[in-house]
Each structure stands twice: as structure tokens, then as C-alpha cells.
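Here is the structure we will look at.
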Amino acid sequence: MKLIILGPPGSGKGTIAEKLVKEFHLYHLSPGQLLREEIQKGTTIGKAIRKDVEQGRLAPSKFVVEIIKVGLWGKKDYLLDGFPRSVDQAEAIEDLNIKTVLYLGLSESAAVQRLAGRRVCQDGQHSYHLSLLPPKQEGICDIDGSKLITRKDDQPKIIRERFQQFERVTRHVVEYYRKKNILKTINADQSPEKVYADVKKALPKK
Ligand code: AP5
Ligand code: MG
């Protein structure tokens, strides 16, 4: 199965992706996560995209498309989390022939509330929310036991910028897939369990 999951910042892409990859044994590719790792390691790509990512702007497509193509090499079943985010990126992966695009719809005010309370583990793989989705032990990741931290781009000014990028650029990608008739819109303003149940109903039947 090949899937794309799109949605505004904080809509729950990562939360739902974690469940999908576990249940359906998919390879999870999140450019946001990979770009943060490049920044942390101080690689050439990391240095080139650091400012954009930390200030909530999209990184240049040439880096992101490259990371995706390398990451997907030899993979059959995968989930692209937050990619593509611009029409040029969507066109660059037309050859992958992906037939299901999940779109998590959520209002800006609900997403801002989620991001303001988000905490992630050290390597950024698992996310929690102070009140909506708390870890079992305060400040500690349930899965890897690391200390929870706040993501650098989860500050009010940067959250707003990320939203503007979504509306200005990524909204066109949503329309691109809607026109192709492969967009599945999910109401993300429900509990994670309900959102996941709706996502599963939208998956292709085997
Ligand atoms: P990325 O890391 O993808 O960030 P984003 O799109 O802004 O989305 P988030 O990861 O913040 O939110 P999410 O939808 O995953 O929500 P989550 O599940 O964590 O990208 C970061 C940056 O990288 C971009 O700004 C850009 O600079 C760059 N980048 C990435 N892709 C790129 C591309 N293709 N091209 C160019 N640049 C790119 O949930 C959020 C919170 O809500 C959590 O606290 C969670 O616990 C909680 N929550 C989740 N679901 C629910 C629910 N149903 N009810 C209540 N709380 C919930
Ligand atoms: Mg995410």
C-alpha cells in the first residue's frame, strides 16, 4: 500500500502515521522529521535548510524531493507524511503512481491549541499533548523513555507562518489531488481513535 497523508500543521499527521505504519507495516517517510535530523547533524543539507525550517517556511523542493527519492529506494509499501507540499513536488512524484491521499481537515484555532501543548521525545518520533494526549508519566516518552521537549518551530509566531505556508502553497496540492479524484478528506477534529477509524475506512480495499 502506498499512501500520502496531508494536512495543516498540528492536524495529526504524525499521530495517525504512527498507527498506520504499525498496523499495515508501512515504511514511514516524514520529510519534516528527516530535515530536522539533517539540521541536528549539521550536514550540508541541514545547513542549507536550517533557517527555512526553524522559521516555518518550506525548505527548497530540490532537497526535499531528493531526500524522498533516496528514502523510497527499494520500498514497496510506504506512507509519505507531509509530502508533497507544493505542486512542483507533487509533479516530481507522479511516477510513483500513488492512488490514495488522506487529507486531515482541521481549523486553524484547533490546530494552534494542539501545537501549543505538543511535546515530542528526544528524536522527535513520538508526540504527546500536555492535556489532550498526555504521556503515562509526566515529561517522559511512553515508548523510548526519553525526556519530552518542545519543537523549535512550535512558537506562536512560527506556527502562524507554517499556517500561512499551508494556505498559500499546500492548499494547491490538496486541490491537485481532489481534481484527480484520489483525495480522501477526514474530519481531524475528533479523538485520535475516531480519526483513525475514519482513516481506515478511507483506505483502499484489498
Ligand atoms: P512537519 O514536521 O511535517 O510539520 P507540520 O506539517 O507543521 O506538522 P506537524 O508535525 O507540526 O503536525 P502533525 O500534523 O504531524 O501533528 P501531530 O500528529 O504531531 O514539517 C516541519 C517543517 O519541515 C515545515 O514547516 C517545513 O519547513 C519543512 N518541510 C516538511 N515537509 C516539507 C516539504 N514537503 N517541502 C518543504 N519543506 C518541508 O499532532 C499535533 C499535536 O496534537 C500533538 O501534540 C498530538 O499529540 C496532538 N493530537 C494529534 N491528534 C489529536 C487528536 N485527534 N485530538 C487531540 N490531540 C491530537
Ligand atoms: Mg508531524
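The values are calculated or read from the model by the stated rules, or taken from the named source; none is laboratory data. Remember, it's a predicted structure, so these values are computed and weren't measured experimentally. With ideal geometry, Cβ positions are generated from the backbone for all residues, glycine too; neighbour counts draw on all protein chains shown. In case anyone asks, the SASA skips ligands and DNA or RNA and just uses the protein heavy atoms, side chains included. Shrake-Rupley method; radii C 1.70, N 1.55, O 1.52, S 1.80 Å.
Worth a mention:
- Under 19 Å of direct C-alpha separation, and excluding same-chain neighbours fewer than eight residues apart, LYS136 reaches these lysines: LYS19, LYS147.
- Close amide-amide hydrogen proximity is noted between LYS184 and VAL101, LEU102, TYR103, each under 5 Å apart and 5 or more residues distant or on a separate chain (H modeled in the peptide plane; Pro and chain starts excluded).
- Overall, the chain carries a charge dipole of about 260 debye about its Cα centre when +1 sits on the Cβ of Lys and Arg and -1 on the Cβ of Asp and Glu, all other atoms neutral.
- Those lysines that a straight Cα-Cα span of less than 23 Å connects to LYS180, excepting residues fewer than 8 apart in one chain: LYS2, LYS13, LYS69, LYS76, LYS99, LYS200, LYS201, LYS205, LYS206
- Magnitude of the charge dipole, region 75-128, Cβ model with Lys/Arg +1 and Asp/Glu -1, debye to 20: 340
- Fraction of the pair-distance distribution of the chain above 24 Å, Cα-Cα pairs, percent: 39
- Solvent exposure ordering (accessible area, 1.4 Å, most first) of ASP154, ASP198: ASP198, ASP154
- The lysines whose alpha-carbon is closer than 16 Å to the alpha-carbon of LYS47, local same-chain residues fewer than 8 away aside, are LYS62, LYS152.
- Computed per residue of the chain from DSSP H runs no shorter than four, each worth -39500 (n - 2.57), the mean residue ellipticity at 222 nm is -13000 deg cm²/dmol.
- Distance between the modelled labels on LYS200 and THR185, one decimal in nanometres: 2.5 nm (7 Å Cα→Cβ projection).
- Probe 1.4 Å, all protein chains present, accessible-area order of HIS172, HIS25, HIS126, largest first: HIS25, HIS172, HIS126
- The stretch between ARG171 and LYS69 holds 34.4 nm of extra length on full extension. This uses 0.36 nm per residue minus the Cα-Cα distance.
- Dipole magnitude (debye, nearest 20) for region 125-181, charges at Cβ of Lys, Arg, Asp, Glu: 400
- Length gained on full extension, ASP52 to ARG151: 34.2 nm, using 0.36 nm per residue less the C-alpha separation.
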